[in-house]
Amino acid sequence: MAVGSDERTHVTDAVVDHLRGVGIDVELHGPLDDQPLDWVDVGRAVGERVASGACQQGVLFCWTGTGVSIAANKVAGVRAALCADAETAKGARRWNDANVLAMSLRSTPEAVAKEIVNAWLETGPDDAEQSTIAKVEAPTLPSPASGGG
């Protein structure tokens with residue numbers, strides 16, 4: 001799992017430790033790996049590692065979580081989801097097959113971050129959503145007028 005942030009905090013350290021504790025191989029990016037990268041570059045780096053298949057999934061952090069999710073979503077093949085709670089993380093995996101989890105450093109306490117990560121790891125895509133997920137994976141979204149939704 002590729003994990004990146006534009007700053008290292010107790011929350012980022014707790015999530016990295018938690019992932020390692022449940023047996024996930026973690027690849028660090030940005031200040032988590034002593035690289036001085038801003039949120040755009042960290043989001044892109046993690047997104048590229050996931051899109052290339054080098055990492056199955058990613059976790060990103062920035063102050064709001066919005067910037068890294070936008071940056072990661074600019075990489076073709078990435079479906080980054082900003083999640084503030086475990087239920088949103090479950091939905092992102094179940095209904096969107098999201099492959100990059102983004103969280104806010106400002107508003108996500110350590111315990112909640114671990115709950116979000118657990119929900120993310122325990123949930124997979126719903127087979128009934130495959131046609132919808134395929135639409136999202138397409139280079140451009142089909143218009144509803146063309147029968148795409």
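The table that follows gives values for the structure above.
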{"quantity": "Among residues of region 59-96, those that are of a type outside the set (A, V, I, L, M, F, W, C), farther than 21 Å from THR9 by Cα and surrounded by fewer than 22 Cβ atoms within 10 Å (Cβ to Cβ), counted", "calculated": "10"}
{"quantity": "Residue match in region 47-58 (condition: in contact (Cβ under 8 Å) with a residue 40 or more places away in the chain and either among the polar types (S, T, N, Q) or touching a Leu at 6+ places or on another chain (Cβ under 6 Å) (or both))", "calculated": "yes"}
{"quantity": "Selection within region 97-111 - surrounded by fewer than 17 Cβ atoms within 10 Å (Cβ to Cβ) and not polar (S, T, N, Q)", "calculated": "ARG106, PRO109, GLU110, ALA111"}
{"quantity": "Entirely in region 32-149, the helices (runs of 4 or more DSSP H) that have 2 or more residues that are under 23 Å from ARG20 (Cα atoms)", "calculated": "39-51, 66-73, 86-96, 110-122"}
{"quantity": "Residue match in region 32-45 (condition: surrounded by 17 or more Cβ atoms within 10 Å (Cβ to Cβ), touching an Asp or Glu at 6+ places or on another chain (Cβ under 6 Å) and over 14 Å from LEU101 (Cβ atoms))", "calculated": "yes"}
{"quantity": "Residue in region 21-28 that is more than 17 Å from LEU82 (Cβ to Cβ), out of contact with any strand residue (DSSP E or B) (no Cβ under 9 Å at 6 or more places or on another chain) and in a helix (DSSP H, G or I) present", "calculated": "yes"}
{"quantity": "First in region 81-101 and without any contact (Cβ under 8 Å) to a residue 24 or more places away in the chain, second anywhere and among the charged types (D, E, K, R) and part of a helix (DSSP H, G or I), Cβ under 9 Å, 6 or more apart", "calculated": "ALA81/ARG93"}
{"quantity": "All positions within region 1-23 that are of a type in the set (A, V, I, L, M, F, W, C) and within 15 Å of the chain's Cα centre (by Cα)", "calculated": "MET1, ALA2, VAL3, VAL15, VAL16, LEU19"}
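Only the coordinates and a few stated rules stand behind these numbers; no lab work does. Bear in mind that the values here come from a model prediction, so they are computed numbers and not experimental data. Here Cβ is always computed from backbone atoms with ideal geometry, including for glycine, and neighbour counts include all displayed protein chains.
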